[in-house]
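Only one structure is covered here, and it is reproduced in the block below.
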Amino acid sequence: MEKTRLLGMTPDQLKEIALEAGLPGFTGKQIAQWIYGRRVRTIGEMTNLSKAGRERLSERYEVGVAEPVGKAESSDGTRKYLFPVNGDPGNAVEAVMIPDGDRKTLCVSSQAGCKMGCKFCMTGRQGFHGSLSAADILSQFFGIDEAGELTNSVFMGMGEPLDNWEEVKRVIDVLTAPWGFAWSPKRITLSTIGVLPNLKRFLDESKCHLAVSLHDPFPEERATLMPVEKAYPIRDVISLIRKYDFTGQRRVSFEYTMFAGHNDTPRHADALLRLLQGLECRVNLIRFHRIPDFPYGTSSQAAMEAFRDRLARGGLTATIRASRGEDILAACGLLAGLHNHA
Ligand code: SF4
């Protein structure tokens, strides 16, 4: 019989399981402490539970951390890990650890492949191979060599996290709850192309930072890059965002991958300024890494700088994002899944 994974469960859920196994209710909290605090991999290691209780639990349950099946390190210290999905190494996703000064940020995947079909993204081209469970997403935090040293996390790996909101929310709960990692939500950023119904839930149900993949301010043009524009127009996404407070601790940024001659013109910069007018936000300009059979090229450094400066003159803060880990194909848009959800 396949065992149920405890990873991702709350102390209340663990209490139910403990009671079912004939253990006292307070054991739920102890199990949570073993899994999230002490990070044990087996129920057998939970030594303040009775031996008989551990044995009963082990019949049906396991901690369920999946270990990586591959890793690669870039010359700049970025490390890419490959994780199996639901025990299947043939259906692997990536997690990328990016060191930066005293920060260590983990870029996690939320789905194997993706349904959203963005034209510039290799993950989108691979099709969809399933959403990750909370346990599989959390395994990316637990299974890497730097597991105990992480300071931040971005949901920017493979997949659209708001197409898997229930599981992603469970992960955010573990990361931020006092019984979990007790991280401030400011340490977490979720990147989305703007799946409206779940974007509202994310904004209501968490305080994490938001990054929206925008890429083109003109709806007709954006629709040719990102089919999601037809279902959830970027204008509606921005109208929703305007209803929330981004003037305090919580931040919103917009990701803008630059395609030569296509979306890097002054006309685009001006339209972007109009679209985001009055919103407290920043824009990240991302260098595009060419992918096969995609018609647009990479914008020149000069074009990117001119675009950035035009936005700045209009009052919008924009930064050209440094690319990390290119030599191991971990740069945004180049995950083995080759995603550009950045
Ligand atoms: Fe999916 Fe993100 Fe790639 Fe679009 S950019 S296809 S949402 S992974």
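The values are calculated or read from the model by the stated rules, or taken from the named source; none is laboratory data. Bear in mind that the values here come from a model prediction, so they are computed numbers and not experimental data. Here the Cβ positions follow ideal geometry from the backbone for every residue, glycine too, while neighbour counts run over all protein chains shown.
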Search result, residues across the stretch 97-114 that are in contact with a strand residue (DSSP E or B) (Cβ under 8 Å, 6 or more places away or on another chain), more than 7 Å from the ligand (Cβ to nearest atom) and over 15 Å from ILE144 (Cα atoms) = ARG103, SER110, GLN111, ALA112, GLY113
request  = Select from the stretch 100-123 the residues that are farther than 14 Å from MET156 by Cβ and either among the aromatic types (Phe, Trp, Tyr) or out of contact with any Phe, Trp or Tyr (no Cβ under 7 Å at 6 or more places or on another chain) (or both) and list them in ascending order.
outcome  = ASP100, GLY101, ASP102, ARG103, LYS104, ALA112, GLY117, PHE120, MET122
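Report yes if LEU225 is within 16 Å of the ligand (Cβ to nearest atom), surrounded by 21 or more Cβ atoms within 10 Å (Cβ to Cβ) and over 30 Å from LYS104 (Cα atoms), otherwise no. Steps first, please.
Details: within 16 Å of the ligand (Cβ to nearest atom): yes; surrounded by 21 or more Cβ atoms within 10 Å (Cβ to Cβ): yes; over 30 Å from LYS104 (Cα atoms): yes.
Criteria met by LEU225.
Quick check on my filter: what residues within the stretch 1-34 are among the aliphatic types (A, V, I, L, M), in contact with a Phe, Trp or Tyr (Cβ under 9 Å, 6 or more places away or on another chain) and closer than 14 Å to VAL174 by Cα?
Result: LEU6, LEU7, ALA32.
Just to check your reading of the model, which residue among GLY77, GLY101, GLY64, GLY113 is touching a His at 6+ places or on another chain (Cβ under 6 Å) and not hydroxyl-bearing (Ser, Thr, Tyr)? Break it down into steps so the answer makes sense when it comes.
Numbers: GLY77 fails: touching a His at 6+ places or on another chain (Cβ under 6 Å); GLY101 fails: touching a His at 6+ places or on another chain (Cβ under 6 Å); GLY64 fails: touching a His at 6+ places or on another chain (Cβ under 6 Å).
Of GLY77, GLY101, GLY64, GLY113, the one residue that is touching a His at 6+ places or on another chain (Cβ under 6 Å) and not hydroxyl-bearing (Ser, Thr, Tyr) is GLY113.
How many residues does the stretch 11-33 hold that are in contact with a Leu (Cβ under 8 Å, 6 or more places away or on another chain) and either assigned by TED's automatic domain parsing to the domain that holds GLY148 or under 24 Å from GLY143 (Cα atoms) (or both)?
Just the residues of the stretch 11-33 that are in contact with a Leu (Cβ under 8 Å, 6 or more places away or on another chain), to begin with: 14, 17-18, 21, 23, 25, 27-32.
Remaining after also requiring either assigned by TED's automatic domain parsing to the domain that holds GLY148 or under 24 Å from GLY143 (Cα atoms) (or both): 14, 28-32.
Number of matching residues: 6.
Restricting to the stretch 123-136, give me the number of residues that are assigned to a helix (DSSP H, G or I) and not hydroxyl-bearing (Ser, Thr, Tyr).
First, the residues of the stretch 123-136 that are assigned to a helix (DSSP H, G or I): 123-126, 134-136.
Applying the additional criterion that residues be not hydroxyl-bearing (Ser, Thr, Tyr) yields 124-126, 134-136.
Selection size over the stretch 123-136: 6.
Yes/no per residue for (1) charged (D, E, K, R); (2) over 23 Å from the mean Cα position of the chain (by Cα):
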{"site": "GLU229", "(1), (2)": "yes, no"}
{"site": "GLY248", "(1), (2)": "no, no"}
{"site": "GLU255", "(1), (2)": "yes, no"}
{"site": "MET258", "(1), (2)": "no, no"}
{"site": "HIS262", "(1), (2)": "no, yes"}
{"site": "ALA271", "(1), (2)": "no, yes"}
{"site": "GLN277", "(1), (2)": "no, yes"}
{"site": "PRO292", "(1), (2)": "no, yes"}
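Can you find, within the stretch 137-166, the residue that is farthest from the chain's Cα centre (by Cα) among those that are of a type in the set (D, E, K, R) and within 16 Å of the ligand (Cβ to nearest atom)?
Of the residues in the stretch 137-166, the ones of a type in the set (D, E, K, R) are 145-146, 149, 160, 163, 166.
Still in the list and also within 16 Å of the ligand (Cβ to nearest atom): 160, 163.
Numbers: GLU160: 8, ASP163: 12 Å.
Out of the qualifying residues, it is ASP163.
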remark   = Within the stretch 167-184, restricting to residues that are over 13 Å from THR10 (Cβ atoms) and touching a strand residue (DSSP E or B) at 6+ places or on another chain (Cβ under 7 Å), the one that is farthest from the ligand (Cβ to nearest atom) is GLU167
request  = Only residues that are hydroxyl-bearing (Ser, Thr, Tyr) and more than 18 Å from ARG242 (Cβ to Cβ): list them for the stretch 252-275, please.
outcome  = TYR256, THR257, THR265
Test: residue in the stretch 81-92 that is hydrophobic (A, V, I, L, M, F, W, C) and touching a Phe, Trp or Tyr at 6+ places or on another chain (Cβ under 8 Å) = yes
request  = Sort out which residues of the stretch 142-153 are surrounded by fewer than 22 Cβ atoms within 10 Å (Cβ to Cβ) and in contact with a Ser or Thr (Cβ under 9 Å, 6 or more places away or on another chain), and write them in order of number.
outcome  = LEU150, THR151, ASN152
